[in-house]
Amino acid sequence: MFNFLKGVVGGSGGGQKDLPYNIGDPYPSAWSSWSHFRGTSKDDGSPVSIFSLSGSNPQDGRLAAGRNGVKRLRTVRHPNILSFLYSTEVETVDGSGTKVTIYIVTEPAMPLYEKIKELSLEGTQRDEYYAWGLHQIAKAVSFLNNDCKLVHGNVCLESVVVTQTLDWKLHAFDVLSEYDGTSGTATGPMLPYEWLVGSQYKSVELAKSDWVAIRKSPPWAIDSWGLGCLIYEIFSGMKLGKTEELRNTASIPKSLLPDYQRLLSSTPSRRLNASKLIENSEYFQNKLVDTIHFMEILSLKDSVEKDTFFRKLPNLTEQLPRQIVLKKLFPLLTSALEYGSATAPALTALLKIGSWLSTEEYTLKVLPTIIKLFASNDRAIRVALLQHIDQYGESLSAQAVDEQVYPHVATGFVDTSSILRELTLKSMLIMAPKLSQRNLSGSLLKYLSKLQVDEEPAIRTNTTILLGNIASYLNDGTRKRVLINAFTVRALRDTFSPARGAGVMALCATSSYYDTTEIATRILPNIVVLTIDPDSDVRSKVFQAVDQFMQILKQSNEKSNAGDTAHAGSLGLSSMPGNAGLLEWAMSSLTLKGKPLDQAPIAASNSVRPVTTTTAASSGLIETPSMAPVRVSSSSDFADAPAPPSPTLTDGWGEIENGVHEEQYSDKDGWDDIKPLEEPKPSSALANIQAAQKRPVSQPKPQATSLRSKSTVKAVATKDEDDDLWGLIAVPTPKIASKSLKVKTSGAVEDDDPWAAIAAPPPTTKAKPLSAGRGRGTKAAAPKLGAQRINRTSSSGMQ
């Protein structure tokens, strides 16, 4: 029976070799006769602490007290009490007798005295950390005394350990016993193992073994005295040698001194309860205690309190002890973000604290949390992630981006919030190099084809620039099919002048991907038209682009004349002057002005506009780092020179095919169906002049033929004007218009009369005679307003 009970208390195990933990190096100090070792689990290698107590006599009182400590530690659970993992009792037989060893395995921790020396904190940071530690131990003592009606009996420096998160935890429960002061029949010692307590730590009544006075005292009387001893040892920096040293208060902080004196009152009933120490002491009211306490009860706070706290947290972390921030505050922050109790501003604090970590720690502790956050449905979290992607994007692996991050980020391309669409677009500058060709050429280009006709002009501009920047990551076939169509058919026709300028810059930045045939037949004819663009900045870019592409053609011609035709078809310059900042422009053109986006409210409707787009509309400028501010032309600027048609959602890259509009995305990226313009279209006035110049004058023709030629010229001009993206779905020219021009007019109509072709024929009816009545003729009917039906004979009847 005794062996059975011993197995229940001591755990199981046949020896040290059967212990599922590896015992490592010992710590220099431990409580009483116990030894404290570092250890690791044999299963997963996780760190642990191992305490051992040995005795040669199975009936040794120290072993009995150790068994009591194991039982109490196993059953008492509290956040500020050391966590129990495993225990066993081993008997070994040697030549002199039997040796019994008790093992306790707990969470990893180290003695408080050793940790204080290791941290080497000074000044305010030291006082704040001590306040936080004492706050934790006071809560543990209050839990034992007030909630469990237990007496620890030996609260001191050696009974406190520090975990890996720098939390202070209470252990050494060998003396712990129930408080039986409420029982009138209790006799004998209340603490059977009080003889293990050093005399310097005993209160006056405990030193006298006055159990009657102890039972009449409150449950916290003995442990409050122990808290006073702990405070003295912490601030004096040395272990207590004798009780009289407690009167030396030189090292005790002034704000803590009154409570320290009440803890060490000679009258047990007047000693300060540990719970009152936590509530009333000014010493525990500091930044570190308040910050960690707020994080621990974060789920009880409302959204306004959370938002205010996390906005202040990045600056607050600079003032707190860095090691405590990294080991205590940082785990609380990551946990709050992963489980959704933290708001979006917490991400800023997470990244700032993460910047203090090494590369290996950053990869293990920060990146997993960030990857999990990309799956969040909170729009504010998604915005914050995209705003700060430049801080962590380079650290993400290509596999994580392609498989875990991009599928969630891509939903932002079609979000109703323009801010989110804009940030998603800009994030691709960092993610695109890490995407597979399946996502890059398939999914991403499909989204970009829609963003290039977005309702926000700034998004259309940055889409063009992004496409120019990621061109190097596309395969040759995709570049041939996409780039020229996207830059010429879309960007160069945009009504937003920065978008047209972006198209010119993107063509120049990707000039090395075009052969001479494409430059001569598809690029130059489209950009030369913009030499008369209403915007001066666009014109200056165009002239530089023309010079660059002409230089490419000249180099090709020189090599062809020299017989070197191997590379004559694919020549290119790196970029035109001023395009060195193309990459930066894509990231900064929409966010340089106005307040930061992390302060902007997020809405779920199209009423939200990007901060920079609103700025562009109000001020007329978009700032770029590599050039002067670009002027946004108003509608009146295009009165004299017609601007290219604005892209709309109905002229998608892959949507117009034989006049049929596709309702859903196809597998194509949208650019391969666009037919490039064969030649630039002339304006209507220029078409008339050209038609007049081509009119034959040496051999005059009949009037009807002349009129027919004019009709033909007008029809050709109309056709040229419609020869754009809409040409494939345009309504045919009505044929009835030419029939009316076959009228044979009198010789008074000359060829130089522009109105002759559309003049009304002479009337064929005769005036009615005057009718008799009252001596005078009837008045003619008053002319009626509006459209009148005119009876005309056909051209065949007018001979």
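The values are calculated or read from the model by the stated rules, or taken from the named source; none is laboratory data. Everything quoted here is computed from the prediction, not taken from an experiment. Reconstructed Cβ throughout: ideal geometry from the backbone, glycine too, with neighbour counts over all protein chains shown. The accessibility values were calculated without ligands, DNA or RNA, using every heavy atom of the protein model including side chains. Shrake-Rupley method; radii C 1.70, N 1.55, O 1.52, S 1.80 Å.
Among the residues of the stretch 375-387, the one identified as touching a helix residue (DSSP H, G or I) at 6+ places or on another chain (Cβ under 6 Å) and surrounded by fewer than 18 Cβ atoms within 10 Å (Cβ to Cβ) is 375. Do we have residue 89 as charged (D, E, K, R), at negative phi and not assigned by the TED database to the domain that holds residue 240 here? Yes: the conditions hold for residue 89. Criterion applied to 330, 284 was being under 16 Å from residue 129 (Cβ atoms) and within 24 Å of the chain's Cα centre (by Cα), and the one residue passing it is 330.
Per-residue answers, yes or no, for (1) of a type in the set (D, E, K, R); (2) not in a loop (DSSP other than H, G, I, E, B):
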| position | (1), (2) |
| --- | --- |
| 96 | no, no |
| 104 | no, yes |
| 114 | yes, yes |
| 125 | no, yes |
| 158 | yes, yes |
| 162 | no, yes |
| 173 | no, no |
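Considering only the stretch 127-142, I want to know if a residue exists there that is assigned to a helix (DSSP H, G or I), open to solvent by 30 Å² or more (accessible area, probe 1.4 Å), more than 21 Å from residue 239 (Cα to Cα) and out of contact with any Lys or Arg (no Cβ under 6 Å at 6 or more places or on another chain). The answer is yes; a qualifying residue exists.
Cβ separations smaller than 6 Å between residues 6+ apart or across chains give the following pairs from the stretch 284-312 residues that are farther than 16 Å from residue 328 by Cβ to residues that are hydroxyl-bearing (Ser, Thr, Tyr) and surrounded by fewer than 16 Cβ atoms within 10 Å (Cβ to Cβ): 299/341. Exactly one residue out of 257, 288 is of a type in the set (A, V, I, L, M, F, W, C), loosely packed, with under 14 Cβ neighbours inside 10 Å, more than 25 Å from residue 370 (Cα to Cα) and at pLDDT below 95, and it is 257.
Evaluating residue 86 against the criteria (1) of a type outside the set (Val, Ile, Thr); (2) part of a strand (DSSP E or B); (3) open to solvent by less than 30 Å² (accessible area, probe 1.4 Å) leaves one unmet condition, (3). With respect to residue 160, is the statement that it is under 16 Å from residue 61 (Cβ atoms) and surrounded by 20 or more Cβ atoms within 10 Å (Cβ to Cβ) true? Answer is no for this residue. Among the candidates 61, 66, the residue that is exposed (fewer than 14 other Cβ atoms within 10 Å of the Cβ), closer than 23 Å to residue 97 by Cβ and in contact (Cβ under 8 Å) with a residue 40 or more places away in the chain is uniquely 61.
For the structure I just gave you, tell me whether residue 107 is among the charged types (D, E, K, R), buried (at least 21 other Cβ atoms within 10 Å of the Cβ) and either farther than 18 Å from residue 179 by Cβ or touching a helix residue (DSSP H, G or I) at 6+ places or on another chain (Cβ under 7 Å) (or both). Criteria not met by residue 107. Taking the criterion of being free of Cβ contacts under 8 Å to residues at least 24 places away in the same chain and hydrophobic (A, V, I, L, M, F, W, C), the only residue of the stretch 468-493 that qualifies is 487. Among all positions in the stretch 348-365, there is at least one residue which is out of contact with any Ser or Thr (no Cβ under 8 Å at 6 or more places or on another chain), over 30 Å from residue 253 (Cα atoms) and buried (at least 20 other Cβ atoms within 10 Å of the Cβ). Residues satisfying the criterion are present in the stretch 477-500 (criterion: closer than 20 Å to residue 413 by Cβ, of a type in the set (Lys, Arg) and open to solvent by less than 10 Å² (accessible area, probe 1.4 Å)). Of the candidates 225, 211, the single residue that is out of contact with any helix residue (DSSP H, G or I) (no Cβ under 6 Å at 6 or more places or on another chain) and within 21 Å of residue 241 (Cβ to Cβ) is 225. Any residue at all in the stretch 70-82 that is out of contact with any Leu (no Cβ under 8 Å at 6 or more places or on another chain) and surrounded by 20 or more Cβ atoms within 10 Å (Cβ to Cβ)? Yes.
Filtering 520, 545 for residues that are out of contact with any Ser or Thr (no Cβ under 8 Å at 6 or more places or on another chain) and open to solvent by less than 20 Å² (accessible area, probe 1.4 Å) leaves a single hit, 545.
This table checks each residue for (1) at pLDDT below 95; (2) hydrophobic (A, V, I, L, M, F, W, C); (3) crowded, with 17+ Cβ neighbours inside 10 Å; (4) not in a helix (DSSP H, G or I).
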site	(1), (2), (3), (4)
224	no, no, yes, no
230	no, yes, yes, no
253	yes, no, no, yes
266	yes, no, no, yes
275	yes, no, yes, no
295	yes, yes, yes, no
304	yes, yes, no, no
320	yes, yes, yes, yes
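Each row is one residue, and each column tells you yes or no for (1) open to solvent by 30 Å² or more (accessible area, probe 1.4 Å); (2) modelled with pLDDT of 90 or more; (3) under 44 Å from the mean Cα position of the chain (by Cα); (4) among the hydrophobic types (A, V, I, L, M, F, W, C).
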| site | (1), (2), (3), (4) |
| --- | --- |
| 1 | yes, no, no, yes |
| 14 | yes, no, no, no |
| 18 | yes, no, no, no |
| 38 | yes, yes, yes, no |
| 50 | no, yes, yes, yes |
| 53 | no, yes, no, yes |
| 57 | yes, no, no, no |
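Note on the stretch 376-443: enclosed helices (runs of 4 or more DSSP H) holding 1 or more residues that are of a type in the set (Ser, Thr, Tyr) are 389-392, 406-409, 418-431. Among the residues that make up the stretch 204-216, is at least one of them surrounded by 22 or more Cβ atoms within 10 Å (Cβ to Cβ) and closer than 25 Å to residue 112 by Cα? No, the stretch 204-216 contains no residue that is surrounded by 22 or more Cβ atoms within 10 Å (Cβ to Cβ) and closer than 25 Å to residue 112 by Cα.
Only one entry in 444, 492 is within 25 Å of residue 397 (Cα to Cα) and in contact with a Leu (Cβ under 8 Å, 6 or more places away or on another chain), namely 444. Apart from one condition, residue 20 fits all of (1) more than 14 Å from residue 103 (Cβ to Cβ); (2) in contact with a Gly (Cβ under 9 Å, 6 or more places away or on another chain); the exception is (1). Quick one: is residue 471 open to solvent by less than 10 Å² (accessible area, probe 1.4 Å) and under 18 Å from residue 538 (Cα atoms)? No, not satisfied.
Taken over the stretch 232-251, residues that are part of a helix (DSSP H, G or I) and open to solvent by less than 40 Å² (accessible area, probe 1.4 Å) amount to 6.
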